[in-house]
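Just so you know, all these numbers are worked out from the coordinates, no wet-lab data involved. Only a predicted model underlies this, so the values are computations on that prediction, with no experimental measurement involved. Cβ placement follows ideal geometry from the backbone for every residue including glycine, while neighbour counts extend to all protein chains displayed.
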Amino acid sequence: MTTTTPESLAIAAEGLRKSYGDKLVLDGIDLVVPTGSVFALLGPNGAGKTTAVKILSTLITTDGGQGRVGGHDLATDPQSVRAAIGVTGQFSAVDGLITGEENMLLMADLHHLSRAEGRRVTAELLERFDLVEAAKKPASTYSGGMKRRLDIAMTLVGSPRIIFLDEPTTGLDPRSRHNMWGIIRGLVAGGVTVFLTTQYLEEADELADRIAVLNDGRIAAEGTADELKRLIPGGHVRLRFTDPASYQGAAVSLRDATRDDEALSLQIPSDGSQRELRSILDWLDSAGIEADELTVHTPDLDDVFFALTSTTSTATVPGPTQSKENAR
Ligand SMILES: Nc1ncnc2c1ncn2[C@@H]1O[C@H](COP(=O)(O)OP(=O)(O)OP(=O)(O)O)[C@@H](O)[C@H]1O
């Protein structure tokens, strides 16, 4: 899954560039996605994620660079690329005027399946995506989550080996989002390669083998979630006080801590390991410091995202409001 011979790569692109008029959207990006893996392209609104998906799925052409998808060249063999991939997302293929089942059968027709085969595949996919009950209702009556499920089911009619999911869970409630993650994991278990774009760091963290952060038209960082988290500092223990006098006393003793006089809190750099925590607690005890609240913060993908996509700095320690904290 992680070997990098060209045959084992579902997607390999180099130097992709795209401008709309004067606006440079992609400034030469490289993308490598091993077959059978999940790749997440992460970035803020307008970063160029959808543009990258459109280029890789041959909906638009690149202004520069080159790419192969499913072993086929984007520029010289777009037909073969299209035959190998499925695309769902912001440009949904669902027709609201007809039923879910009719949408599926239409797809089967487009893929030149026989009537019997079309019915068989449709029934199987409706079952798999929990749409049997809704199958005979117009798709316009479906909830957002049901529409997304139908959209993916329609994509699978053609049995693509590579699927592009453009923001697959945007606008879904937490339960539907988790269901969608289950569906995506199921696809990958079946050997499908998934290229997804998302604004949700948690989603990339949950699903992706590798993540690329797109910012200002370039890949700001790429790696596994753990590798990205290691790129930035930010682990700390935070002590909060309610009594200003206790806070002042502690701030004087803990000269290396970062002060927040307004919140009456102190931040001590820490990797969050049990050993470091024990020594911090021992030290607080011996100094007679009793905080009202102690929280441990380890860097998460949110921190990485903020650090890499911030226009001001790439190495700031993120504040507690930006991050998950484990209170104790
Ligand atoms: N057809 C177009 N003509 C002109 N500008 C475009 C066109 N398509 C996209 N853009 C611009 O290119 C930039 C990148 O758009 P894109 O849709 O790729 O971003 P994105 O990362 O997918 O954003 P979002 O998360 O908001 O969907 C945006 O500034 C957008 O306005």
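In the Gaussian network model of the chain, springs joining C-alpha atoms below 10 Å, which of 199, 66, 248 carries the largest mean-square fluctuation?
Among 199, 66, 248, the largest mean-square fluctuation in the Gaussian network model of the chain belongs to 248.
Helix 115-128 versus the longest principal axis of the chain: what is the Cα-based angle in degrees, 0 to 90, to the nearest 10?
It works out to around 20 degrees.
Going by a ≥ b ≥ c, the root eigenvalues of the Cα gyration tensor, does segment 1-124 fall in the rounded group (a/c under 1.5), the prolate group (a/b larger than b/c) or the oblate group?
Prolate is the answer for segment 1-124, as a/c is 1.5 or above and a/b outweighs b/c.
Take 62, 197, 170, 99 and order them by how many other Cβ atoms sit within 10 Å, fewest up front.
170, 99, 62, 197
I need the shape label for segment 154-197. Rule: rounded when a/c is under 1.5, else prolate if a/b > b/c, else oblate, with a, b, c from the alpha carbon gyration tensor.
Since a/c reaches 1.5 and a/b is larger than b/c, the shape of segment 154-197 is classed as prolate.
Between segment 41-55 and segment 242-275, what is the C-alpha centre distance in whole Å?
Here the two parts' Cα centres lie 40 Å apart.
Order by neighbour count: 169, 58, 35, fewest other Cβ atoms within 10 Å first, most last.
Fewest-to-most Cβ neighbours within 10 Å comes out as 35, 58, 169.
Between residue 214 and residues 5 or more places away or on another chain, which pairs have amide H atoms under 5 Å apart, with H built 1.01 Å from N, and which residues are they?
Distant-sequence amide H within range of residue 214: 42, 43, 220.
Angle, helix 100-110 long axis vs. longest principal axis of the chain, Cα atoms, 0 to 90°, nearest 10?
60 degrees
Using amide H atoms built 1.01 Å from N in the peptide plane, name the residues 5+ places from residue 10, or on other chains, whose amide H lies under 5 Å from its own.
Distant-sequence amide H within range of residue 10: 33, 35.
Using the Cα gyration tensor of the chain, with a ≥ b ≥ c the square roots of its eigenvalues, what is the shape: rounded (a/c below 1.5), prolate (a/b larger than b/c) or oblate (neither)?
Prolate.
Which far-off residues, 5 or more places away or on another chain, put their amide H under 5 Å from the one on residue 291, with H placed in the peptide plane?
Long-range HN contacts for residue 291: none found.
Relative contact order of segment 150-274, please, whole-number percent, based on alpha carbon pairs below 8 angstrom and at least 6 residues apart.
After rounding, I find 17 percent.
Using alpha carbon centroids, what distance separates segment 192-241 and segment 10-28, in Å?
21 Å
GNM, the chain, Cα, under 10 Å: largest mean-square fluctuation among 14, 124, 293?
293
Exposure proxy check: 17, 275, 210 ranked by fewest other beta carbons within 10 Å?
Fewest-to-most Cβ neighbours within 10 Å comes out as 275, 17, 210.
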